[in-house]
Amino acid sequence: MRKEPRQARSRATVEAIVQAGAHILSDEGWAGFTTNRVAELAGVSIGSLYQYFPDKLSLVDAIRHRHLDDSIAVMRKIRADGISPAEFAAQLVRAVVAAHSVYPGLHRVLLDEAPSSEEYRNPSSAFEIEYLSYYAEAVATYRKRQPNPADHASARVISDAIDGVIHNAARRGAIDDPAMQRELVRLIILFLGEPG
């Protein structure tokens, strides 16, 4: 972002711009994504948009960061402690599906069409570290130990499986398919136990 919004009104403006951008990317794709179109849908002037985002790539980065922040927020609410592996997996899948259902077309555009920065692809980013640690801790919890290398390997498989299944379901317009969700829950449960 060009400048951080400090006042409530400025934060509301940025929020409207990011939501409008996500909506357009979801419904119209990269081809329909212009700063003029975003400003119009957000109900702000193009000058207000440029006050915070110097170009549409910086806006896409903000939308991508929002998606990652929303994903981590969902995960932080669901902890493995005190619930069965089946309940953990079911809660996680429901929450991830809900987060990806807000703008179901967005993920296809972010993955397949929109340019991305190197930061987004950085496997050592703070997001990646927290994201994979979350799954490793869940695996270790159900295996009744501190996370070890095997748990981290399982975490990578679980996270890649969830990302792949959910993102592909969104691409196919099948994000709300109960059979897909049940099978994803079954897959997660298998990885939460001791490796065979």
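What is the magnitude of the charge dipole of the chain about its Cα centre, with +1 placed on the Cβ of each Lys and Arg, -1 on the Cβ of each Asp and Glu, and no other charges, expressed in debye to the nearest 20?
Numbers: 23 positive and 25 negative charges, 76 e Å.
Value, rounded to 20: 360 debye.
Where only protein heavy atoms count, and the probe is 1.4 Å, what is the accessible area per residue for the chain in Å²? Kindly include the intermediate steps, with their values, before the conclusion.
Numbers: 10360 Å² over 196 residues.
Accessible surface, normalised per residue, equals 53 Å².
Annotation: lysines with alpha-carbon distance below 26 angstrom to K77 (same-chain offsets under eight excluded): K144. Say we join alpha carbon atoms closer than 10 Å with springs in a Gaussian network model of the chain; which of V139, V60, V44 then has the biggest fluctuation? Highest fluctuation among the options: V44.
Whole Å is fine, so just give me how far the alpha carbon centre of segment 2-38 lies from that of segment 46-71. Result: 6 Å between the Cα centres.
Of the residues A114, A170, L92, the one whose Cα sits farthest toward the positive end of the charge dipole of the chain, with +1 on the Cβ of Lys and Arg and -1 on the Cβ of Asp and Glu, is L92.
Positive-end ranking of A161, I83, P104 along the dipole of the chain, with charges on Cβ about the Cα centre, is headed by I83. Computed over the alpha-carbon pairs of segment 40-125, the distance histogram in 10 Å steps reads 14, 35, 32, 14, 5, 0 percent, short to long.
Per residue, the average separation of C-alpha pairs within less than 8 Å and at least 6 apart gives segment 67-187 a relative contact order of 34 percent. Split the accessible area of the chain by element, probe 1.4 Å, and carbon with sulfur accounts for 53%.
For every helix of n ≥ 4 consecutive DSSP H residues, a contribution of -39,500 (n - 2.57) applies; sum these over the chain, divide by its total residues, and give [θ] at 222 nm rounded to the nearest 500 deg cm²/dmol.
Working: 9 runs with 137 residues, N = 196.
Per the formula, -23000 deg cm²/dmol.
Could you give the DSSP H helices of the chain that reach 30 angstrom or more along their long axis (alpha carbon positions) and whose average Kyte-Doolittle hydropathy is no lower than -1.0? Write down the numbers at each step before the final one.
Numbers: long enough: 56-77 (32 Å, -0.25); 149-171 (33 Å, -0.01).
What comes out of the filter, once short or polar helices are dropped, is 56-77, 149-171.
The values are calculated or read from the model by the stated rules, or taken from the named source; none is laboratory data. Every value quoted in this text rests on a predicted model; they were computed, and no experiment measured them. Neighbour counts are summed over all protein chains in view; Cβ atoms, including those assigned to glycine, are modelled from backbone coordinates with ideal geometry. For accessibility, only protein heavy atoms count, side chains too; no ligands or nucleic acids. Shrake-Rupley method; radii C 1.70, N 1.55, O 1.52, S 1.80 Å.
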